[in-house]
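Data block below; observations after.
The values are calculated or read from the model by the stated rules, or taken from the named source; none is laboratory data. Quantities reported herein were computed from a predicted structural model and do not represent experimental measurements. All Cβ positions, even for glycine, are placed from backbone atoms using ideal geometry, and neighbour counts span all protein chains on display.
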Amino acid sequence: MPSLSTLDWIVIAAYFGVLLALVVAVTRRHQTSTDYFLAGRNVGFFAIGASIFASNIGSEHIVGLAGQGASTGLAMAHYELHAWIVVLLAWVFVPFYYQAGVFTMPEFLERRFGPKPRWILSLVSLAAYVLTKVSVTVYAGAIIFRTLLPDTFGSPDAAFWVGAVVTVLLTGMYTVAGGLRAVLYTDSVQAFVLILGSASITWFGLQQLGGWGELQSFAAANVADYALWRPLSDPEFPWLGILVASPIVGIWYWCTDQYIVQRTLAAKDLRAARRGALWGAFLKVWPVFIFLVPGLIGAALNDRGMLQIPIDAAGNLAGDQVFPTMVVSLLPAGLRGLVVAGLLAALMSSLSSLFNSTATLFTVDVYEKFRPNASEQQIVNVGRLATGVVIVLGLIWIPIMPAVSEGGLYQYLQNVQSYLAPPITAVFLLGLFNQRINARGAVWGMGLGFVLGMTKLGLQAVFGSGKIENPVFLAAIADFNFLYFSGVLFLISIAVIIVFSFGGESPKPEQIRGLTLATIDREAVRQSWNRSDVIATAVILSLVAAVYIYFSFWV
């Protein structure tokens, strides 16, 4: 397997030089907490959209999604065709958030429902970021180092840990120093490198395989494993389960999660916020082709003996090593370095976004509650300290990741998110569209929903087929498909929210002014869009529909 050449290292060094220059330039501009956490609320749509895309497409996407492509085909493509949900963010959710003038999503919940829902969402989000997003992203990045540089640091395991520690520390330093402005502007560069580098893998992989027709032939010969839509009898990805769970998780992730929404809150006005989300939606159309399809290509090349993908302990393709293996095996010198830079870009953009979002959540939703009179400098310093703590916690969690990601990193993420998302999605949707929903309903809906979701996750880790099979009812709950459970949990959360809300007092009009569909400033919203925004939306939705139609019948 080829190693990185001198030219590759020059390209990588040049990439880091550009990032360093950007960070130095933007770091000098910080003065207040608004500057640090929301880039002064003066960011244009291009940087916002690029950051939304780059933050979403982390190394766990590139590594994990290519691995899923090799092992499960297009089953996970539904989660990568969520551009239509980013359109919902642009048109439905952004106006509420921007008019409310909030820093965080928990802060918005407090405006709508009071302090208790804010505390619940803040603490759950902080825990989820450390246990899923930070650790998974770092783990995926470390796998890249182990595969690309197995002997550079003495052994593959040493390369794994050097990669994990170095990338976390480097990313942490520029995030601590530069805040959200550094994240946004470095993401603009990283999004370009990410798309160019990953698209080159698709191109060279297809050239090696013999073209798109050869890939179709391979998928057609293994249609049960690689089809977009799986039958209802499929134990992992039945088509009905996908239709149920994918929108629930998508609305939570794209429309209510601090990690993504914070970028739109940094916009200079509502129009820039909406257009930034639409630009991010357009970029989100393409991951199926540049991240998922390469996994299919890798599986086809391996099947024909044209690529040597490592085998895991169970005798299957080591899915999470498919993409790094293709990088070093298929690409020429120089371009190989650019793609490695793209992989590092993915890792660093996701980590920097996570670090900044976590610091914002802790500082605004926890620290300021205990120290309401803290100075601007104290708030910024606490945000930097919180970033450092998250870095340490993420590193501590890495050794546990191999045990919890046996089915692949991306599948692990979707599994956990299917249990976290339903109560949050239910609370936000009902809160925005129904004035009668009150704090009592929100607290009970989120509280009970989280308990049920984490109970299912815990049972799944201990009980079920091949694990502890008695008592039978616990094993049955553990084995219940995670996609269907997400839908059941969503319905339970909705029912609990409605029952407890209608069992209490209605919110007072002044409490919900501007925070529900009936009370928002519609004239301001109308003035924030024009025909160009409508045309852009139509193009994005048409592209999503075209991709769905094509891949539904491509084999």
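What the table below lists for this structure:
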read-out: Of all residues in segment 501-555 being outside any helix (DSSP H, G or I) and of a type in the set (K, R), the one that is farthest from D269 (Cα to Cα); value: K508
read-out: Conditions (1) surrounded by 11 or more Cβ atoms within 10 Å (Cβ to Cβ); (2) closer than 22 Å to G276 by Cα; number of the one not met by N530; value: (1)
read-out: Any hit, segment 264-285, residues being modelled with pLDDT under 90, in a helix (DSSP H, G or I) and over 22 Å from I62 (Cα atoms); value: yes
read-out: Subset of segment 322-380 that is in a loop (DSSP other than H, G, I, E, B) and not aliphatic (A, V, I, L, M) - its residue that is nearest to I52 (Cα to Cα); value: G334
read-out: Number of the exception - T519 against (1) surrounded by fewer than 18 Cβ atoms within 10 Å (Cβ to Cβ); (2) without any contact (Cβ under 8 Å) to a residue 60 or more places away in the chain; value: (2)
read-out: Filter pass, A50 being part of a helix (DSSP H, G or I), modelled with pLDDT under 80 and closer than 29 Å to L270 by Cβ; value: no
read-out: Lone qualifier among A442, A421 - being touching a residue at least 60 places away in the same chain (Cβ under 8 Å), part of a helix (DSSP H, G or I) and either in contact with a Gly (Cβ under 7 Å, 6 or more places away or on another chain) or farther than 30 Å from F323 by Cβ (or both); value: A442
read-out: Answer residue from segment 198-212, given it is aliphatic (A, V, I, L, M) and touching a Leu at 6+ places or on another chain (Cβ under 8 Å) and is surrounded by the fewest Cβ atoms within 10 Å (Cβ to Cβ) among those; value: L206
read-out: Given (1) out of contact with any Gly (no Cβ under 7 Å at 6 or more places or on another chain); (2) closer than 20 Å to T360 by Cα; (3) modelled with pLDDT under 80, number of the condition V43 does not satisfy; value: (3)
read-out: Evaluation of E236 against (1) assigned to a helix (DSSP H, G or I); (2) surrounded by fewer than 22 Cβ atoms within 10 Å (Cβ to Cβ) (one fails), failing number; value: (1)
read-out: Test for I120: is it touching a residue at least 40 places away in the same chain (Cβ under 8 Å), closer than 23 Å to G49 by Cα and of a type in the set (V, I, T); value: no
read-out: Among the candidates A127, A140, residue that is within 26 Å of L448 (Cα to Cα) and under 18 Å from the mean Cα position of the chain (by Cα); value: A127
read-out: Residue that is in a helix (DSSP H, G or I) and either of a type in the set (A, V, I, L, M) or surrounded by fewer than 22 Cβ atoms within 10 Å (Cβ to Cβ) (or both), where the choices are F485, F473; value: F473
read-out: Index of the failed condition, A159 passing every other in (1) modelled with pLDDT under 80; (2) within 30 Å of L296 (Cα to Cα); value: (1)
read-out: Set I62, I85, I120: member being over 16 Å from I251 (Cα atoms), assigned to a helix (DSSP H, G or I) and under 17 Å from the mean Cα position of the chain (by Cα); value: I62
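Per-residue answers, yes or no, for (1) in contact (Cβ under 8 Å) with a residue 40 or more places away in the chain; (2) charged (D, E, K, R); (3) touching a Cys at 6+ places or on another chain (Cβ under 7 Å); (4) buried (at least 24 other Cβ atoms within 10 Å of the Cβ):
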{"residue": "A266", "(1), (2), (3), (4)": "yes, no, no, yes"}
{"residue": "L270", "(1), (2), (3), (4)": "yes, no, no, no"}
{"residue": "L278", "(1), (2), (3), (4)": "yes, no, no, yes"}
{"residue": "L283", "(1), (2), (3), (4)": "yes, no, no, no"}
{"residue": "F291", "(1), (2), (3), (4)": "yes, no, no, yes"}
{"residue": "G295", "(1), (2), (3), (4)": "yes, no, no, yes"}
{"residue": "A300", "(1), (2), (3), (4)": "yes, no, no, yes"}
{"residue": "G305", "(1), (2), (3), (4)": "no, no, no, no"}
{"residue": "Q308", "(1), (2), (3), (4)": "yes, no, no, no"}
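Okay, residues lined up against (1) without any contact (Cβ under 8 Å) to a residue 40 or more places away in the chain; (2) surrounded by 20 or more Cβ atoms within 10 Å (Cβ to Cβ); (3) touching a Pro at 6+ places or on another chain (Cβ under 7 Å):
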{"residue": "T360", "(1), (2), (3)": "no, yes, no"}
{"residue": "D365", "(1), (2), (3)": "no, yes, yes"}
{"residue": "Q377", "(1), (2), (3)": "yes, no, no"}
{"residue": "L393", "(1), (2), (3)": "no, no, no"}
